[in-house]
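The values are calculated or read from the model by the stated rules, or taken from the named source; none is laboratory data. Just so it is clear, the model here is predicted, and its values are computed rather than measured. Reconstructed Cβ throughout: ideal geometry from the backbone, glycine too, with neighbour counts over all protein chains shown. Note: accessible area is taken over every heavy atom of the protein model, side chains too, but ligands, DNA and RNA are not part of it. Shrake-Rupley method; radii C 1.70, N 1.55, O 1.52, S 1.80 Å.
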Amino acid sequence: MKLVVEVVDAHDLMPKDGEGSSSAFVEVDFGNQRSRTRTVHKDLNPVWNQKLSFRLDDPDILPKQSVEACVYNERKSFPGRNFLGRVRVHGANIVRQGEEILQRFHLEKKWLFSSVKGDLALKLYVFPEPKSPPPLPPSPTNHSCPTSAVTESDTITSKTTVTNSTIDPAAPTETLAVERTSLTTNPKPATTEEAELNQRPTEVKLETTYCINKHQVSPQLGKSVEQQSPATVPVVPIMAFQQVHYGQAQPSRAEEYKLKDTSPQLGERWPHSRRVGWMGMVGGGDKLTSTYDLVEQTYYLYVRVVKAKDLPPNAITGSCDPYVEVKLGNYKGITKHFDKKSSPEWNQAFAFSKERIQSTVLEVYVKDKEVAARDDYIGRVVFDLNEVPTRVPPDSPLAPQWYRLEDRRGDGKVRGEIMLAVWMGTQADEAFPDAWHSDAATVHGEGVSNIRSKVYVSPKLWYLRVNVIEAQDVQPNDGSRPPEVFVKAQVGNQVLKTRVCPTRTMSPMWNEDLIFVAAEPFEEHLVLTVEDRVHHTKDDLLGRIVLPLTLFEKRLDHRPVHSRWFNMERFGFGVLEGDRRKELKFSSRIHLRVCLEGAYHVMDESTMYISDTRPTARQLWKQPIGVLEVGILSAQGLIPMKLKDGRGTTDAYCVAKYGQKWVRTRTIIDSASPKWNEQYTWEVYDPCTVITLGVFDNCHLGGNEKPAGGGGAAR
């Protein structure tokens, strides 16, 4: 085994040559082995891109060792060197080849008075030494048997795969299919006799999946993540996308790392599409793909019911309460109905999966809803599916047309017309997110809105800094003792307190900062109360003030914020005098310095899995470095989450979160192996961030009883 330290570059080094520059080189020390890079002369931002190898006898003791990289300035006037900084990397943070990522470290001091600044970029990984093949036995003809091997000119490509390993291999496994990888080699024959046997390249197709259990291990951090709910949340580093490795494929190290071939028909087989990769970053100047080229193509029959006109009234009621029924085989979708309206407008879309089409005829019925008797038939329109056009974006949407209604037998026309659009499309169609789906035909009412795919953005968060300076003329309820005064501040459910003023006086001083988190559009209020600590279990209210957050200024830099005095609500009321209440003409006041901080990033997620490091204020944002495209394909082996009709079932949907943008796929009803095949995009501002994926059960669809041995519904 070898330990490889790839020294990439350094940035903003300390000048040491007396001329405002440095001639830097890096010396790496590991296990009493030392090696150094070349010297880059006269450059405070040197670039080396040089690999240094070290012998690693026992990989098991690597977590107990460390790698030290020191940056020096090479002196020219007289022999010697100047120290510019050092970096220490613990062995537990070193990964195997194929998992390495570029890491940038701040340079540290070696001595107390060292002058150090800048950072150093490294890649560290363990590289297994190739084993020599055993010698072949000689053939009876005394000629060596020709062998074929992969040489440097052969091509082996692969994409980085991030897999959450499971702790318990026997636990029920859930897999989320995410990527398709192919390895293609072109071995060169050693002799011309073997050329005919190796005319075709060897092709090895691999299917990468995420194995998700209730216990997971993050391969980057090596920490166990306890799942508090049945939701499965893999975290995928953005830096892992679009990395290419060269070398032979390594066998799996454990049972849970085995690859599973699900053979998805990804976007490279779609006509007129551009394949980027399951998760890829496209440069900021590239045009986004308009079709779903990262997922499997699925076809749907779309029916858009727009409106109707000139519908006849009912002979009994004298009015028309119309609705439309769209029927395809055993599937039937119904629009909402209108009361007493002969020219209704619905503008509803219906999507029937091509895999479940059981008929060659589409029937659209217009009916009159009656309360006491059976619904009355008004007319219908029939479509032959063989004549339905196909539409694939970026084609323009199919324009709806007016169709004359026919009678029940189809022999003649009846009064009334309906405007429809019928076409065959894919999940890339604009009508897909809001359409009624045939695979969710059992869902009605408010449940329909709970199963649709959604894209939503988190509210912008600001830090609210409240500097409580002092108060004046604080009158205690008990005049026999000096008050022990403190201030309690509340924003929404957040409550913070200052310390009790050490001086017992009616003009206390604190000068303390209280930090809250406030969300736009700042509908909450800042509530301040001045209280007297009478007993450790009781506090007396001495004054109160309520301030809207829109009253305070927004600060985007370090300019000072001016303080202000605020009058508290009046201290109280006097005793009754006759028939009127005598109000006390007195109130205390409080001195505050309050602002909304926008130059900082509000930490609303774990620093281990952060996806957004931008400041709050949009004015301080930098331009995006690219676009992340994610195709959510499917999941397999989901456990039953609830009981319906005495059997376990799961209504699964997937959530992906990156930055402020959240996406949620549609819910697949009653399936332990759902297929979503939906694609989404995010703008990326920092490659050293992660995207979080989660699979949840929709608990809004009934059957909330927990199955025996199963978990509860995750939200």
- Query: Cβ under 12 Å from N49's Cβ, N49 left aside: what net charge do those residues give with Lys, Arg +1 and Asp, Glu -1?
  - Reply: +1
- Query: Hey, if we sort E484, E99 by accessible area with the 1.4 Å probe, largest down, what's the order?
  - Reply: E99, E484
- Message: Let me check I've understood the local charge: for C70, count other residues with C-beta under 12 angstrom from its C-beta, Lys and Arg +1, Asp and Glu -1. What total comes out?
- Response: +3
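Hey, got a sec? Which GluC sites (Glu not before Pro) in the stretch 1-90 land in a DSSP loop and have at most 14 other Cβ atoms within 10 Å? Working shown, then result.
Numbers: sites: E6, E19, E27, E68, E74; in loops: E19.
Qualifying residues, ordered by number: E19.
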- Message: I want to check the label-to-label distance for Q50 and I610. Put each point 7 Å from Cα in the C-beta direction and report it in nm to one decimal.
- Response: 3.3 nm
- Message: Give me the extension gain from D17 to W621: residue separation times 0.36 nm, minus the current Cα-Cα distance, reported in nm with one decimal.
- Response: 213.8 nm
- Message: What do you get for chymotrypsin sites (Phe, Trp or Tyr not before Pro) in the stretch 41-118 restricted to DSSP loop and a cutoff of at most 13 other Cβ within 10 Å of the site's Cβ?
- Response: W111, F113
- Query: Given a 1.4 Å probe and the protein chains all in place, what does the accessible area of L542 round to, in Å² to the nearest 10?
  - Reply: 10 Å²
- Query: In nm, to one decimal, how far is the I101 label point from the V361 one, both placed 7 Å along Cα→Cβ?
  - Reply: 5.9 nm
- Query: Quick one: how many Å² of W662 are accessible to a 1.4 Å probe, rounded to 10?
  - Reply: 80 Å²
- Which peptide among 387-396, 454-463 comes first, and what is the full order, when sorted by highest mean count of other Cβ atoms within 10 Å? 454-463, 387-396
- Message: Per-residue counts of other Cβ atoms within 10 Å, averaged by peptide: what ranking do you get for 36-45, 523-532, highest first?
- Response: 523-532, 36-45
- Long-range amide H partners of V602 with built H, under 5 Å: T616
- Query: Full extension from M509 to E108: what is 0.36 nm times the residue separation minus their Cα-Cα distance, to one decimal in nm?
  - Reply: 140.3 nm
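Return a whole-number percent for the relative contact order of the stretch 1-46, with Cα pairs under 8 Å and 6 or more residues apart as the contact set.
Once divided by the residue count of the stretch 1-46, the mean separation gives 40 percent.
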- Net charge contributed by nearby residues that have their C-beta within less than 10 Å of C654 (K/R +1, D/E -1): +1
